[in-house]
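Report on the structure given below.
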Amino acid sequence: MNDELIIGDTELKSRLFIGTGKYSSDSLIPKILEKSKCEVVTVALRRIDLSSKENNILNYIPKDTKLLPNTSGARNADEAIRIARLAKASGCGNWIKIEIISDNKYLLPDGYETIKATEILASEGFIVLPYVSPDLMVARSLVNAGASAVMPLGSPIGSNRGIKTRELIKILIEEIPLPIIVDAGIGKPSDACEAMEMGASACLLNTAIATSKNPILMAEAFGKAVEAGRKAYLAGLGNKSYTANASSPLTGFLNK
Amino acid sequence: MSFYDIYSRYKDFDIDSFYNNISDKDIELILQKDILNEIDFLMLLSPKAENFLEPIALKANSLTIQHFGKTILLYTPMYLANYCTNQCLYCGFNTKNDIKRKQMSLEEVEAEAKYISSKGIKHILILTGDAKDISSVEYINSCVNILKKYFNSISIEIFPLNEDEYSKLIKSGVDSLTIYQETYNEYIYDKVHLKGPKKDYRYRLDAPERACKSYINSVNIGALLGLDYWRKEAFFTGLHANYLQNKYPHVEVSISTPRIRPHVGDFSPYHIVSDKNIVQFIVALRLFLPRCGVTISTRESENFRNNILPLGVTKMSTDSNTSVGGHTNKQNQTNQFNICDTRNVEKMMEDIKTLGYQPILKNWDII
Ligand code: SF4
């Protein structure tokens, strides 16, 4: 069965997106992509050093990988828009993950500024993937603003706490006619699997792989978890039942 | 409200009697907590907590990796001038010291910038003495305009400014401010700053906050360890960082833990701060403020810097020279203080990699 994810004009086989920060060495990245089968990587534009041959993280990202530059470091829409334009001008393509954070304590995204930036960048032809709190109204505004996907957080960035916003993400999955990519908070493969079982279109994660003792093995585990979760979703999970389904019902005799 | 109100709350606090009443159990309980309050932090700085240094360090290590990953940002300082109108007892640039004074011309700034950036450094920290007539805001602004052609991030470590002046420099491309209170103890502050504008304790104390109000990206604060009892200085530094983080969540806050270094002049520290003390400061801080940056300069030795790297450190200077134009002009110049770790950028990067960390040269961009 074909089960491709389409974002903008791109078909993706893998539903695992990976971040590139926090690694002890960028040289781990190719192996991580290979083992996880990930096709989309996000890179903070503020970290890309285009002027340096040796220290340019882009050197470690295989050419056939879809680059998703992000606006990490932006504190408002203006800064995010500037970073996005610079990313495009620097040859990073026209995908952009909008990340606007003006709270360094909890690193929660600013929905209002994100909507503003999305509207402007989408009108300029960007494929915009905004990172937001899982708020239905914000997500609806993002649809109207021209976003190509919505990336709600499972729990705060880097917290590894798992899908704490489960109920809200479920509402987005039900209501929003765009791919929902769960971003942030995924700490273990079972969290990623859970997001996929719920019907999320993809998962994005970084800390859980980058800070693991064996990032390459962990990347492989996440690749498999996302695949497993997706398959379970497609297969359709059995309904949960809170009443007993006894094989010999107590009231069965009435029908005899 | 300013941080001074919080300082005032604790300034006469009898820390010794407080520490006498702490038990092992208190420290064990703090180690179980996810979110620490001010008193927990004070307890982690206690002599009692020294018995728990290893478990605190383990927790600090995992929190640092969780929040910052296995990366260390590198930057280098660049001294624009050493003119100074102050008499700080602990500093080689003290106006009373008979040293050769110099201010770099804009051409020299450009040459220095070109040279430093050719080594791969992308984050620069510019410093001047406190001589507002000579190293004026306009002069610094002109330097910033040159430097932004060569560097992705420009930090300033200069005399305190008012909000308008900070705004002006930030608009030109400055993204980060370093300013040390030197000592939070008001009485000692007065004693070691004999003369000059720096005598104004409050104006300096509120400088990081003025920069935050001017929408700066990051501030780095600290005390010059050795002037007062280190546990108090560490406590106030942590409280100050916490205050700024809570009130200005858009700002990245970092802390430095500089110890007094040998310099021209004969000042010796009032209190000796050991390696173990610095470790306790850093790991306690990491548990109190998991997202706070920690900067360690080349004042510390190569060996010590390598060993504390995993404990909470997020930024390090490299290839430092504390004399004016010292990167390109190797002639005998007076240093503000003597540096200890003399590794160049290449060696520093190599050593960080050997320790299993990634050196980051570019983490910010003036866009
Ligand atoms: S510490 Fe600063 S203000 Fe004090 S003497 Fe040195 S350069 Fe001047």
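The values are calculated or read from the model by the stated rules, or taken from the named source; none is laboratory data. Note that the structure is a prediction, hence the values are computed from the model and not measured. Glycine also receives a Cβ, built like all others from the backbone with ideal geometry; neighbour counts cover every protein chain displayed. The accessibility values were calculated without ligands, DNA or RNA, using every heavy atom of the protein model including side chains. Shrake-Rupley method; radii C 1.70, N 1.55, O 1.52, S 1.80 Å.
Please indicate, with yes or no, whether at least one residue in segment B:98-112 is within 15 Å of the ligand (Cβ to nearest atom), of a type in the set (S, T, N, Q) and closer than 22 Å to B:ARG261 by Cβ.
Filtering segment B:98-112 for residues within 15 Å of the ligand (Cβ to nearest atom) gives B:98-103.
Going one step further and asking which of them are of a type in the set (S, T, N, Q), we end up with B:103.
Right, trim to closer than 22 Å to B:ARG261 by Cβ and you get none.
No, segment B:98-112 contains no residue that is within 15 Å of the ligand (Cβ to nearest atom), of a type in the set (S, T, N, Q) and closer than 22 Å to B:ARG261 by Cβ.
The set of residues in segment B:268-295 being touching a helix residue (DSSP H, G or I) at 6+ places or on another chain (Cβ under 8 Å) and open to solvent by 10 Å² or more (accessible area, probe 1.4 Å) consists of B:TYR270, B:HIS271, B:VAL273, B:ASP275, B:LYS276, B:ASN277, B:VAL279, B:PHE288, B:PRO290, B:ARG291. Of the residues making up segment A:68-88, just one is open to solvent by 30 Å² or more (accessible area, probe 1.4 Å) and more than 11 Å from chain B (Cβ to nearest Cβ), namely A:LYS88. Beta carbons closer than 9 Å, at least 6 apart along the sequence or on distinct chains, pair a first residue in segment B:231-252 that is within 14 Å of chain A (Cβ to nearest Cβ) with a second that is of a type in the set (Asp, Glu) and assigned to a helix (DSSP H, G or I) for B:ASN242/B:GLU38; B:TYR243/B:GLU209; B:LEU244/B:GLU209; B:LYS247/B:GLU209; B:TYR248/B:GLU209.
Residues in segment B:126-142 that are within 14 Å of the ligand (Cβ to nearest atom) and either under 22 Å from the mean Cα position of the chain (by Cα) or not in a loop (DSSP other than H, G, I, E, B) (or both): B:ILE126, B:LEU127, B:THR128, B:GLY129, B:ASP130, B:ALA131, B:LYS132, B:SER135. Here A:ILE209 qualifies as in contact with a helix residue (DSSP H, G or I) (Cβ under 7 Å, 6 or more places away or on another chain) and within 23 Å of A:THR10 (Cβ to Cβ). Of all residues in segment A:6-38, those satisfying the criterion of being away from chain B (no Cβ under 14 Å), closer than 28 Å to B:LEU73 by Cα and outside any helix (DSSP H, G or I) are A:PHE17, A:CYS38.
Check B:SER62, B:SER46, B:SER105 and return the single one that is free of Cβ contacts under 8 Å to residues at least 12 places away in the same chain and away from every other protein chain (no Cβ under 14 Å). Just a single option satisfies the conditions, and that option is B:SER105. Please find, among A:ALA208, A:ALA184, A:ALA195, the residue that is open to solvent by less than 20 Å² (accessible area, probe 1.4 Å) and either at pLDDT 95 or above or away from chain B (no Cβ under 14 Å) (or both). That would be A:ALA195, the only listed residue that is open to solvent by less than 20 Å² (accessible area, probe 1.4 Å) and either at pLDDT 95 or above or away from chain B (no Cβ under 14 Å) (or both).
How many of the residues in segment B:63-87 are within 14 Å of the ligand (Cβ to nearest atom) and surrounded by fewer than 23 Cβ atoms within 10 Å (Cβ to Cβ)? Even if it seems obvious, please write down each step before you answer.
Here is the first cut: in segment B:63-87, the residues within 14 Å of the ligand (Cβ to nearest atom) are B:77, B:79-87.
If we keep only those that are surrounded by fewer than 23 Cβ atoms within 10 Å (Cβ to Cβ) as well, we get B:83, B:85-87.
Summing the residues that are within 14 Å of the ligand (Cβ to nearest atom) and surrounded by fewer than 23 Cβ atoms within 10 Å (Cβ to Cβ) in segment B:63-87 gives 4.
Within segment A:91-114, the set of residues being free of Cβ contacts under 8 Å to residues at least 24 places away in the same chain and either of a type in the set (Lys, Arg) or surrounded by 17 or more Cβ atoms within 10 Å (Cβ to Cβ) (or both) comprises A:ASN104, A:LYS105.
Identify the residue in segment B:180-207 that is assigned to a loop (DSSP other than H, G, I, E, B) and within 17 Å of the chain's Cα centre (by Cα) and, among all such residues, is nearest to the ligand (Cβ to nearest atom). Don't jump to the end; show me each part of the working.
Just the residues of segment B:180-207 that are assigned to a loop (DSSP other than H, G, I, E, B), to begin with: B:183-185, B:194-196, B:200, B:206.
Going one step further and asking which of them are within 17 Å of the chain's Cα centre (by Cα), we end up with B:183-184, B:206.
Values: B:THR183: 12, B:TYR184: 16, B:ASP206: 17 Å.
Checking each candidate, the answer is B:THR183.
The lone criterion from (1) more than 16 Å from the ligand (Cβ to nearest atom); (2) over 27 Å from B:THR334 (Cα atoms); (3) hydrophobic (A, V, I, L, M, F, W, C) left unmet by B:ILE146 is number (2). Kindly indicate whether B:TYR83 is more than 14 Å from chain A (Cβ to nearest Cβ), closer than 30 Å to B:LEU147 by Cβ, within 24 Å of the chain's Cα centre (by Cα) and touching a residue at least 60 places away in the same chain (Cβ under 8 Å). No, not satisfied.
Return yes when A:ASP110 is among the acidic types (Asp, Glu), within 19 Å of the chain's Cα centre (by Cα) and within 14 Å of chain B (Cβ to nearest Cβ) and no when it is not. Criteria met by A:ASP110. For A:LYS53, state whether it is assigned to a loop (DSSP other than H, G, I, E, B), within 12 Å of another protein chain (Cβ to nearest Cβ) and not small (Gly, Ala, Ser). Against the criterion (assigned to a loop (DSSP other than H, G, I, E, B), within 12 Å of another protein chain (Cβ to nearest Cβ) and not small (Gly, Ala, Ser)), A:LYS53 qualifies. Taking B:ASN152 as the residue in question, decide whether it is open to solvent by 10 Å² or more (accessible area, probe 1.4 Å), modelled with pLDDT of 95 or more and away from the ligand (no atom under 16 Å from the Cβ). No: the conditions fail for B:ASN152. Residues of segment A:93-107 that are within 14 Å of chain B (Cβ to nearest Cβ), modelled with pLDDT of 90 or more and in contact with a helix residue (DSSP H, G or I) (Cβ under 7 Å, 6 or more places away or on another chain): A:ILE96, A:ILE100.
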